[in-house]
Amino acid sequence: MSLRSIRIYPDPVLREVARPVTRFDDELTELVGDMVETMHAAPGIGLAAPQIGVGLRVAVVDLSVGEDPEELLVLINPELRAGDEREADSEGCLSIPEYTDKVIRPASVVLTASDVSGERYELEALGLLARAIQHEIDHLDGVLFVDHLRGLRRERARRHLKRLVAKEPPETAPTEAVAR
Ligand code: NI
């Protein structure tokens, strides 16, 4: 396994719609292994393949950041059904360094995805796990968490993204939050 470099905004790959996985082979196993290693090293609680420049519908999520192997989720060709209730919580993204904000999302989801062997599974998730899953699946459609912000929050995000484009330091000190 090897560490892959994480693509940072405004890398155009972050805006592309990723393709479904059609072959569950050694190459895919290697990709998933590299993604897990890269996510843990960052450290982050989630990573999507486009974030390492690979346009495939693959993501990994691990709220334990490597502490508990049972918490590792591999999402290949994922599909979501979202619950009706919504909640706001803080998010960050490994591809948008030094920026966090509160995003409103469905509080619960039912995930259907394939694991690395191609087996479909279903999982019901709440809270932070539901949020991380939605954040990663957004990446597969070229969507970033800042796209969900509105009003003043959107303005603040826009200023930060401009600084990333210009490679300037952030406006304010980063707040403590987990990155995905
Ligand atoms: Ni992210």
Can you tell me which residue is least open to solvent (accessible area, probe 1.4 Å) among those in the range 83-93 that are of a type in the set (Asp, Glu) and in a strand (DSSP E or B)? GLU91
Could you look through the range 1-35, keep only residues that are small (Gly, Ala, Ser) and at pLDDT 95 or above, and pick out the one that is nearest to GLY66 (Cα to Cα)? GLY33
All but one of (1) farther than 12 Å from ILE137 by Cα; (2) open to solvent by 50 Å² or more (accessible area, probe 1.4 Å) hold for LEU80; state the number of the condition that does not hold. (1)
Those residues of the range 94-112 which are assigned to a strand (DSSP E or B), more than 12 Å from LEU149 (Cβ to Cβ) and either within 11 Å of the ligand (Cβ to nearest atom) or open to solvent by 10 Å² or more (accessible area, probe 1.4 Å) (or both), in sequence order: PRO97, GLU98, PRO106, SER108, VAL110, THR112
The one condition in (1) within 15 Å of the ligand (Cβ to nearest atom); (2) in contact with a helix residue (DSSP H, G or I) (Cβ under 8 Å, 6 or more places away or on another chain); (3) not basic (Lys, Arg) that LEU31 fails to fulfil: (1)
Do we find that VAL36 is surrounded by 16 or more Cβ atoms within 10 Å (Cβ to Cβ) and in contact (Cβ under 8 Å) with a residue 60 or more places away in the chain in this structure? no
State whether the residues of the range 61-72 include one that is free of Cβ contacts under 8 Å to residues at least 40 places away in the same chain and open to solvent by less than 10 Å² (accessible area, probe 1.4 Å). yes
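The values are calculated or read from the model by the stated rules, or taken from the named source; none is laboratory data. All values reported here derive from a predicted model rather than from experimental measurement. Cβ: placed from backbone, ideal geometry, glycine included. Neighbour counts: every protein chain shown. Side chains are part of the model used for accessible areas, which takes the heavy atoms of the whole protein and leaves out ligands, DNA and RNA. Shrake-Rupley method; radii C 1.70, N 1.55, O 1.52, S 1.80 Å.
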